[in-house]
Amino acid sequence: MVPHRFLSDYFSRVSQGSHVIHQNYAYVSVTPHNRASFVKLFWKCYRTIGNHGDMLTAKEFHALIQLLCPDFPFHIVQSAARIILMDDAVSDCLMAFQDFLYAFQVQFYYSEFLGACRELYLSLSAGSGSPRLEGVESGVFLDRITDMISNDHHHHHPSIRVVHRILGKTQKASFYTYLLGIANSDTINASIGALPKKGQCLESGDGGKSSKSP
């Protein structure tokens, strides 16, 4: 294939999001565009599972993802499952495709940011002496996240306004309530641009926006 034809074909696949299929994890996770493209690929390949009403375990979802990316790490899938199941995300717990899809999207797309948020939450929880599932002061948690975002110019993160809306609903917030709010946010879903609204993800047709450019 001549060089200009190769480049034209490559950038066409990048624009469509199909360039991430059968690539290794380092490639599919290297940019926000690639991450969004992979989420969209996963949805388009497997949404018939949701249409049939099948429920799968974290290990079964991981096996499907590995058909698209052989070395995709299980810990990201397990973390996505915990958004739905909280600390009960054992290997044999069943999840609906739609629930897993949107949890997986934010866990993968914002994995570094959410990992840092978890460390902040654990630090606050340990300092308060209260059990982790009882929650921490929402305002203090929000202040810590705001400071982190202000000082972190390397990792992708959701809008601080959305985080404020999620944490501003209650005086205390558990980490999993916070994660669920991010996973269920229509604003965050639209900003990622990979999936349609949650109620439309099982409909036929492409739906959703095209992924952002690199």
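Here are the numbers for this structure:
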| quantity | calculated |
| --- | --- |
| Directionally averaged shadow of the stretch 27-132, computed from the convex hull of its alpha-carbon atoms, nm² | 6.9 nm² |
| Label-to-label distance, nm, for residues given as residue 190 and residue 169 (7 Å Cα→Cβ offset) | 1.8 nm |
| Cα-projected label distance for residue 150 with residue 52, points at 7 Å along beta-carbon direction, nm | 5.2 nm |
| Stokes-Einstein D in µm²/s, Kirkwood radius over Cα pairs - the stretch 37-76 at 37 °C with 0.692 mPa s viscosity | 308 µm²/s |
| Rounded Å value of the spacing that divides the Cα centres of the stretch 146-163 and the stretch 175-202 | 17 Å |
| Cross-link pairs beyond the 30 Å C-alpha cut-off, checked among 59/197; 169/197; 172/197; 40/172; 172/198 | 40/172 |
| Kirkwood estimate for the stretch 18-88, i.e. one over the average of 1/r between Cα atoms, Å | 12.8 Å |
| Inter-label distance, nm, simple model (7 Å from Cα along the C-beta direction), residue 118/residue 66 | 2.0 nm |
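Every number here is computed from the coordinates shown, using simple stated rules; none is lab data. It should be emphasised that the depicted structure is a prediction, and the values quoted were computed from it without experimental measurement. Here the Cβ is made from the backbone with ideal geometry for all residues, glycine too, and neighbour counts use every protein chain on show.
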